[in-house]
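Worksheet for the structure shown next.
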2 protein chains.
Amino acid sequence: MSTSTRRGRRPGRPDTKAAILVAARERFAASGFGGTTIRAIANDAGVDAALVHHYFGSKDDLFVAALELPVDPRAVIGAAVAGPAEEAAEKLLRTFLSVWDDPGFQPALLATVRRILEPGGDKLIREGFLPVVLLPVGEQLGIDRPDLRMPLVASQVIGLIVARYVVRIEPIATLEPEHLVAIYAPTIQRYLTGPLP
Amino acid sequence: MSTSTRRGRRPGRPDTKAAILVAARERFAASGFGGTTIRAIANDAGVDAALVHHYFGSKDDLFVAALELPVDPRAVIGAAVAGPAEEAAEKLLRTFLSVWDDPGFQPALLATVRRILEPGGDKLIREGFLPVVLLPVGEQLGIDRPDLRMPLVASQVIGLIVARYVVRIEPIATLEPEHLVAIYAPTIQRYLTGPLP
């Protein structure tokens, strides 16, 4: 069952891709990112592992696809932190808020957050989002102690998400994005490059 | 139906108290704190409003009881911020972590957080926890702009809760409490008393 044969028959069958994504989400949630193999996902979905690679690329890519985010966070965050680490906080926050404030993206992002916050969903972020998305950002920035700093950034960003979009606490829910950037940038910048105990 | 008569007959019948708490949780979740009356809760529970007051005190007290927290956050937080506002962050964080790290309290606290994060649970924190618990702390501290500062504090504390206890992101999940106090105190202190845009 080569990729070309399959492509010749049914190019990107929606139900096959959907079955792979369902299998991927269940595997990643149950076993975490490290404990999941493409082969196991392919097996669950009843397809060949080569087909999974053909449709989704690497395991990292499949993980991000399985999160069902409206944007690839690696591309968005990567672009936001392209400059010097000492100026990254403002850009990160501005990018982050522009994506989350977009009414075309927000429902899907909220659904992902709710899935992560459900019992069992913790592995998705702990063993997937963190190593696949967040820690590479720390490496790209070239900061020291990325294993501590990026989780600290995550802890304030998660709190901001919950306050602004999930629980909608005023005035955080309705403040202008630039006002929030100005408020939170010193916190995020200290977590990224400031002195830490 | 005087208090003494009722006390004489059935002192704090567990099923009546439970029925009042169930009615209170449903009302507070559906209508928020401001939109809920003791009378409506009493009606839902099939008891007299005076009995609700007798068992639970004020509407504030009933709200806190309905949260089913293992401690009264007003007492704990109030004691933690009894000193000057300029030193409140460390004490708040230390108290907060000691309660959350207590294995006797953590399951009930986690259950409350999950309830708040579920769809519909947002009103519990937005229209209840914030005005009943958090804003009075700001007033007790005598800080300016408590309506902005206390929600900012909440946004970092929520993120810390999610990172340490819900999603269990390393190293935040296992760092010593005093290490976390040292890391987060400057953030919380700036939100409480520092310069803000």
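The values are calculated or read from the model by the stated rules, or taken from the named source; none is laboratory data. Everything quoted here is computed from the prediction, not taken from an experiment. Because the Cβ atoms are built from the backbone with ideal geometry, glycine has one as well, and the counts that use them run over all protein chains shown. Please note that ligands, DNA and RNA were not included when accessible areas were found on the heavy atoms of the full protein model with its side chains. Shrake-Rupley method; radii C 1.70, N 1.55, O 1.52, S 1.80 Å.
What are the residue pairs meeting all of these: first residue in the range B:4-25, first residue at pLDDT 90 or above and crowded, with 17+ Cβ neighbours inside 10 Å, second residue outside any loop (DSSP other than H, G, I, E, B) and acidic (D, E), Cβ atoms under 6 Å, and 6 or more apart or on different chains?
Once the first residue is at pLDDT 90 or above and crowded, with 17+ Cβ neighbours inside 10 Å and sits in the range B:4-25, its partners that are outside any loop (DSSP other than H, G, I, E, B) and acidic (D, E) give B:A23/B:D44.
Scan (1) under 13 Å from the mean Cα position of the chain (by Cα); (2) over 27 Å from A:T36 (Cα atoms) for the single condition A:L134 breaks and write down its number.
So the condition that A:L134 fails would be (2).
Could you check A:L62 against (1) touching a His at 6+ places or on another chain (Cβ under 9 Å); (2) modelled with pLDDT of 95 or more and say which number it fails?
With (1) touching a His at 6+ places or on another chain (Cβ under 9 Å); (2) modelled with pLDDT of 95 or more applied to A:L62, the lone miss is (2).
Could you look through the range A:101-116, keep only residues that are within 14 Å of chain B (Cβ to nearest Cβ) and open to solvent by 20 Å² or more (accessible area, probe 1.4 Å), and pick out the one that is nearest to A:I188 (Cα to Cα)?
Of everything passing the filter in the range A:101-116, A:V113 is nearest to A:I188 (Cα to Cα).
For every residue, the table says whether it meets (1) touching a Phe, Trp or Tyr at 6+ places or on another chain (Cβ under 6 Å); (2) modelled with pLDDT under 80; (3) in a helix (DSSP H, G or I).
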| site | (1), (2), (3) |
| --- | --- |
| A:V113 | no, no, yes |
| A:K123 | no, yes, yes |
| A:G128 | yes, yes, yes |
| A:P136 | no, no, yes |
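Anything in the range A:159-179 that is at the interface with chain B (Cβ under 7 Å from one of its Cβ atoms) and in contact with a Ser or Thr (Cβ under 9 Å, 6 or more places away or on another chain)? List them, or say none.
Scanning the range A:159-179 gives A:G159, A:L160, A:V162, A:A163, A:R168, A:I169, A:I172.
Do we have A:G159 as on the phi > 0 side of the Ramachandran plot and either part of a loop (DSSP other than H, G, I, E, B) or buried (at least 19 other Cβ atoms within 10 Å of the Cβ) (or both) here?
Working: on the phi > 0 side of the Ramachandran plot: no; either part of a loop (DSSP other than H, G, I, E, B) or buried (at least 19 other Cβ atoms within 10 Å of the Cβ) (or both): yes.
No.
For the range A:135-156, enumerate the residues that are at the interface with chain B (Cβ under 9 Å from one of its Cβ atoms) and either surrounded by fewer than 20 Cβ atoms within 10 Å (Cβ to Cβ) or over 21 Å from B:A182 (Cβ atoms) (or both).
Within the range A:135-156, A:D147, A:L148 meet the criteria.
Return yes when A:A182 is facing another protein chain (nearest Cβ under 7 Å), out of contact with any helix residue (DSSP H, G or I) (no Cβ under 8 Å at 6 or more places or on another chain) and of a type in the set (G, A, S) and no when it is not. Write out each step before concluding.
Working: facing another protein chain (nearest Cβ under 7 Å): yes; out of contact with any helix residue (DSSP H, G or I) (no Cβ under 8 Å at 6 or more places or on another chain): yes; of a type in the set (G, A, S): yes.
Answer is yes for this residue.
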